[in-house]
Every structure is written in C-alpha cells, then in structure tokens.
1. By Kyte-Doolittle mean hydropathy of at least 0.5 and Cα axial length of at least 15 Å, which whole DSSP H helices of chain A are selected?
2. Grab the DSSP H runs of the protein assembly as shown that are 4 residues or longer, score each as -39,500 (n - 2.57), total them, divide by all residues and round the 222 nm result to the nearest 500 deg cm²/dmol.
3. For A:77-87, what's the mean count of beta carbons from other chains sitting within 10 Å of each residue's beta carbon?
4. Mind checking which lysines have their Cα closer than 27 Å to the Cα of A:Lys89? Skip sequence neighbours fewer than 8 apart in that chain.
5. Run the dipole for segment B:129-236 about the Cα centre, Lys and Arg Cβ at +1, Asp and Glu Cβ at -1, nothing else charged, and hand back the magnitude in debye, nearest 20.
6. Net charge around B:Val107, counting only other residues with Cβ within less than 10 Å of its Cβ (Lys, Arg = +1; Asp, Glu = -1)?
7. Just tell me how shielded B:131-142 is by partners: mean number of partner chain Cβ atoms within 10 Å of each residue's Cβ, no decimals.
8. I need the shape label for the protein assembly as shown. Rule: rounded when a/c is under 1.5, else prolate if a/b > b/c, else oblate, with a, b, c from the alpha carbon gyration tensor.
Amino acid sequence: MTYSTAEIWLIIALMAVGTFVIRFSFLGLIGDRPMPPFVLRLLRYTPVAVIPGMVAPLVLWPQATGGQPDLLRLLAAMAALVVAWRSRKVVWGMVAGAAVFYAGLGISGLL
Amino acid sequence: MSTATIKSAYKQGISDGLPFVFMVAPFAVLFGVVAVEAGLSLAQTMGFTVLVIAGASQFAALQLMVENAAIGFVLLAALAVNLRMAMYSAALVPYLGAAPLWQRVVVGYLNFDQTYMMSVAKYEDAPDMSVPDRVRYFLGVATPIAPLWGCTTLIGALIGKAIPDALAIDFILPIAFLSMVAPMLKSMAHVAAALVSVVVALALAGLPSGAGLLIAAVCAMVTGAGVEVWIERRVA
C-alpha cells in the first residue's frame, strides 16, 4: 500500500460519509416519495455485481504465486463458495474455505 | 395485550439480534487481521470499522487499497457494495419515517443487513407496533451487534500484528468474499449478474486497478435487472 497517512484517512472519512448518506438517504432526506421501480431493481443487484468481479482475478491469478493459477487456491475457493451457498451461512463458507486452504498448505509443506 | 405480558420492544430486539453475534464476530476479527496485515495502523483500522460499520464494503476498500487503486476507484467500488442499503433505507420509511430526525439519524448509522432484515420482518409481523416501539426494537437488534463489531475488530487487529507471513493470510480475503456472496445468489437473475461481473472483470483485468471492476459492476447490475424483468414477463 503506497498511500500517505492523510490519504488513508481521507478514504476512511469519505467512505464513512458516503455510507451514512446511503443509509440515511430515504429515511432522512427523501422521505416518503416512492423510488422508480427500475432504480430499486438495479440496487438489488449491487453486491452480486461488485463482489464476484473483484474476487475472480484474486482466485484465478493470485499474487502469492506470481499470478499463476494455483490448484489449492481454486479448491479452497470452490469449497467456500459451495458450502456458503448450500448452508446460506457466511461463516460456514469461510470455515470450509480456510480449512481446505490450510490443510492443503500443510500437506504440501510436508511433501 | 397488556405491556406486562409482552417483553419490551427493546429487549425483544436484543434477543432477536443475539444470534447474529456468531456471524458478526468472526467477520470483524478477520477485518482487523487483514487491515493490519495490509498496512493500516490500529487507529485507522478502528476508525474504519467504527465510522463505516459495513463489513463487505470495508473488505472491498481494503482489497483495492492493497492494489494501490486510485482513491476515486476505491471509493466508487466500496460504496457501490453499500448501495443496497439505500433500498433498506427506503424500505424503513413507511415504518420509521415519522420518528424524530435524531432517531432517524441513529437508525441510519445502524442501518445494516441484520438490523434491517430483522426489523422489517418484525414490523410486518406486528403492524400495531407504535413508532417509538419500532425504533426501540431496531436499536435493540443493533445493541448486541454494533459494539461487538468494534471490539472484535480490535481483537483481530491485535492478533494480526502477531501473525507470521508464512500463514499466507492473503487468500483469506477471497474466501471471505466468496462466502459473503454465495448466500446472496438467490435467483437466476442474481446468478446471471454474478457471472457477467466475473467475465467482464476478467476480460478488463488489464485496465488500471478498479476501472474494469466498475464497468463489470454496471454491466452486471443491468444484467440482473434485465433478467428479473424477463423472468417476470415469462411468468406473467
């Protein structure tokens, strides 16, 4: 990370303000006016539109291996995705992914 | 119904919020660990977690900061993750719109996934609830969650300083993101949006950090909304 201390605090401050404005928006400023349905529709997909695109390069081309695809990281990612999806619980996905990843690291360390 | 026989709205909120403790605590510990590993100071990590108090977007900002993305891209991508909360805000208006401004400010600050979901479910279940009771219930749900979020982040940050690099903590972030997003894939439209996001982001990976992601996110949102409309028309 190459930001200055001031830049990091700027990011934190703007994220704090921006996040509050988003959360407070309708409750505070806009009031009871209904939102156009197409806006609601787009908003519904924001997390699934941002997170997968952010995570895909990290899974396929991890920095730790110099950008080379890595079987262990792919398996750990699959485990997290499948378990979190089946259980509908974030925590179980994280546990499964971390378990596969660290078990794999341990095994490859022994070989 | 006499008030003696039902629990106060605030206490009810607390007991409904308690189960989320198990979900929030590990997540916050993890944020503390990765934030410190990424190079944030203890004060910055805590400032982040207390002021922003939105897990997925905190992780998103951190990831882009590790990639040294331009500040504008960091903000746009991380805030985009939080845009869903505008929807929560709108959904709370019919129930809490009549509360005093300062109470709506507090509710706004604490308006995250768990408080929103529990509260709207409760308000729908109990249409007779008064506005002050609704506010009390909302704050009750937040009571076990919000302070814990800060405290467990602090624990994570302190642990993070002690973790050796050999633990390859770098890959924990992708695992956390996948675990967050998988339960959100509730419909064909969500799956389609996620797939478009992945394909476009990979195709544009050569652009400056964050730029390809934003284009991918816009394409994915339009895809999600489009598929939803298409499915509705077919059913209708």
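1. Helices passing the filter in chain A: A:5-24, A:46-60, A:71-87, A:90-110.
2. Only helices count here, giving -24500 deg cm²/dmol.
3. That average works out to 5.
4. B:Lys11, B:Lys122, B:Lys186
5. Result for segment B:129-236 is approximately 280 debye, rounded to the nearest 20.
6. So the surrounding residues net to +3.
7. 0
8. prolate
Here, each number is a calculation from the coordinates, and none is a lab measurement. Just so it is clear, the model here is predicted, and its values are computed rather than measured. Every residue, glycine as well, gets a Cβ built from its backbone with ideal geometry; the counts of neighbours run over all protein chains shown.
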